[in-house]
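Enquirer: Below you will find the structure I want to go over with you.
The values are calculated or read from the model by the stated rules, or taken from the named source; none is laboratory data. Here the structure is a predicted model, which means the values were calculated and not measured. Quick reminder, even Gly has a Cβ in these numbers, built from the backbone with ideal geometry, and neighbours come from all protein chains shown.
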Amino acid sequence: MSTPKNGAQIYDERALLKKNRLMTEEAAYLLGVTPRTVRRYMQEGKIEFQRMLVGGKRTLLTESIKKYL
């Protein structure tokens with residue numbers, strides 16, 4: 001992953017798709033939407049997620065993201 005001058009992150013799509021779980025920003029990158037849109041999809045039940053025990057952050061199941069690719 002690298003960060004260009006505008007602050008956006010660039011991910012390796014193949015590496016992301018090999019992971020079991022993704023962070024909100026990673027899923028947004030794959031889907032071509034903003035992290036805010038991904039959070040809305042989670043609230044609407046369109047994408048499965050789980051909260052991490054430590055820190056309470058949400059992780060998304062990669063399989064639920066692949067349905068939209």
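Enquirer: Restricting the search to the range 19-57, which residues are of a type in the set (D, E, K, R) and in contact (Cβ under 8 Å) with a residue 40 or more places away in the chain?
Expert: Of everything in the range 19-57, those that are of a type in the set (D, E, K, R) and in contact (Cβ under 8 Å) with a residue 40 or more places away in the chain turn out to be Lys19, Arg21.
Enquirer: Among the candidates Arg14, Arg58, Arg39, which residue alone is modelled with pLDDT of 90 or more, among the charged types (D, E, K, R) and either surrounded by 11 or more Cβ atoms within 10 Å (Cβ to Cβ) or at positive phi (or both)?
Expert: Result of the check over Arg14, Arg58, Arg39: Arg39.
Enquirer: How many residues does the range 15-47 hold that are in a helix (DSSP H, G or I), more than 14 Å from Tyr68 (Cα to Cα) and of a type in the set (Val, Ile, Thr)?
Expert: Going through the range 15-47 one residue at a time, the tally reaches 1.
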